[in-house]
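Since the structure comes first, as structure tokens, the remarks are kept for the end.
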Amino acid sequence: MSVWSKTFARTPLVLLALAEAAVLYASVYFAVVVAFGGVQFFEDSIGPLAPKAAVVAFVMLTSLIAMGLYQFHQRAYFHEILVRILVGVAIGSAVLAAGYYVFPSLNLEPRVAAVAVLTAVVALLMVRYAFVQSVDESVFRRRTLVYGAGERASAISDLKRRADRRGFRIVGTIPAPGDTHCDESAQALEFDRSITELANERRADEIVIAMDDRRGNLPIRELLDLKLGGVEVIDLLEFLERETGKIRVDLVKPSWFIFSRGFRISRLRRFSQRVLDLAVSITLLLLAWPVMLAVAICIKLEDGSTAPVLYRQRRVGLGGRSFEVLKFRSMTPDAEADGRAVWAQKNDKRVTRVGSVIRKYRLDELPQVLNVLAGQMSIVGPRPERPEFVESLSEKIPFYKERHAVKPGVTGWAQLRYAYGASEDDALEKLQYDLYYIKNQNFLLDLMIILQTVEVVIWGKGAR
């Protein structure tokens, strides 16, 4: 299973993206008919319509992605969807307006643009409403049969949120030989027939192997018959990876890292990542320098002309090597006067007034584009941690050092999927997302993370 299918392009999201792209494209044609009375009249006076409509659809769809509207496990409250669509369309409209100055040939007549935007918003809301209703009614969920009802299988029962179960529906659980501490919440089936008969009876799309002890207990013949019959046979760890976007380190054995697909960083991957890093960091510097200047002035105004603007701190990077990360100072200069590393806390009293604002919108991270240009960091990757914490966490959390197999990032998969980490438990949870990224990293995943980071910045998610 490809990373793209696991992270973004699942069947319902593909259908949703295609439907909304079609809606955005068609809204331009509808607007032309309303404003000009027909497409031919528009093309005779303005020019070909198809490329203009395609550009509108592409920019608007990209803006919707940046608003987090294609995250499969996001809780879908309709009023939130409405706000995100409105903000996404507004940002897309601003990008298009700026682009028309650069490429005048793609310009739309103002009446057409206004009608197209209004039409697109209404149509997008209709499509979204239909999508939310159909997904929540299990139209797109895979019918999942679980083989195993012990401790390992309980990891599936732990996925209690409705949003966490949008991709599957448990149609039964088959107790397996060797299971311990049977999961009482499971829909246990009487094992009086073959697994094949039970799978056919329940019309299962897939069977998840979640038994506690496989040694001598795995029904190879029946599972092979199921696979040849069109039922997908999937390991518990791979199932959880697909559904949660993280790797459960408590279920992983060291050999899994060696034999599983992924965790391979080729020269082409390194090259494409470096090109993306340079392109994004240079673009950020060109666009964000006025904001960076304003932040620096605000820090000086609050703390005095002699107060430092930038904060330098030792962090652990690629291969466990240390480097100095750059940030706008958001805490008082004496935040760690005793030199002891301390986790940042919610409503931390050390945070200044300016610091609370720039932390909320992640503006304090902007100077790290200089770390990216220097090759110490990437735009996307696990967040760099302090050496003191790394030493402690490596002793307590299995596979923690594996997160240093790639460059640390300004943003990352864990930052999108989990709140700000400020404890050992948080570090464990974020590690599981970091390992998912390291295993599945590619250019498209990086682009998706960069786009969805816009959502984090705009809505101020997970900041402390």
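The numbers here are math on the coordinates, done by the rules we state, and not lab data. Given the structure is predicted, the values throughout are model-derived calculations rather than measurements. Because the Cβ atoms are built from the backbone with ideal geometry, glycine has one as well, and the counts that use them run over all protein chains shown.
List the DSSP H helices in the chain whose Cα atoms stretch 27 Å or more along the helix axis and whose mean Kyte-Doolittle hydropathy is at least 0.0.
Going by DSSP H runs, the hits are 11-36, 78-102, 110-136, 267-303.
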- In nanometres, the difference between 0.36 nm per residue of separation and the alpha-carbon distance of Ala294 and Thr332 is 11.8 nm
- Solution diffusion estimate, µm²/s, Stokes-Einstein, segment 28-133, Kirkwood Rh from C-alpha pairs, 20 °C, viscosity 1.002 mPa s: 147
- Pairwise FRET efficiency - Val457 versus Val233, Cβ, R0 = 35 Å, nearest 0.05: 0.25
- Cβ charges +1 (Lys, Arg) and -1 (Asp, Glu), total dipole of the chain, debye: 1000
- Task: In nm, give the distance between the simple-model label positions of Val309 and Arg161, each being 7 Å from the Cα along the Cα-to-Cβ direction.
- Result: 3.9
- Between Ala90 and Asp426, with labels modelled 7 Å along Cα→Cβ, what's the label distance in nm to one decimal, could you check? 2.9
- Item | Two-decimal log10 I(q)/I(0) for segment 267-459, as the Debye equation yields it once each C-alpha is a single scatterer, q = 0.07, 0.14, 0.15, 0.18 Å⁻¹ | -0.19, -0.82, -0.95, -1.39
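Are any of the pairs Lys253/Lys360; Lys227/Lys401; Lys160/Lys253; Lys327/Lys407 more than 28 Å apart by Cα-Cα distance, and if so, which?
With Cα atoms farther than 28 Å apart: Lys253/Lys360; Lys227/Lys401.
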- Note on the structure: Pseudo-spin-label distance Leu82 to Val249, built 7 Å along Cα→Cβ, given in nm, is 4.3
- Over the chain, the sum of -39500 (n - 2.57) across DSSP H runs of at least four, divided by residue number and rounded to 500 deg cm²/dmol, gives at 222 nm -16500 deg cm²/dmol
- Query: For the chain, what D do you get in µm² per second when you plug the Kirkwood radius from alpha-carbon pairs into Stokes-Einstein at 10 °C and 1.306 mPa s?
  - Reply: 64
- Yeah, segment 93-132 with a ≥ b ≥ c from its alpha-carbon gyration tensor (a/c under 1.5 is rounded, else prolate when a/b outruns b/c, oblate otherwise) is prolate
- Message: Along the charge dipole of the chain, pointing to its positive end and built from +1/-1 on Cβ of Lys, Arg, Asp and Glu, which listed residue (Thr306, Val117, Leu82) has its Cα farthest out?
- Response: Thr306
- Message: Out of all DSSP beta bridges in the chain, what portion is antiparallel? Express it as a percent rounded to 5.
- Response: 35
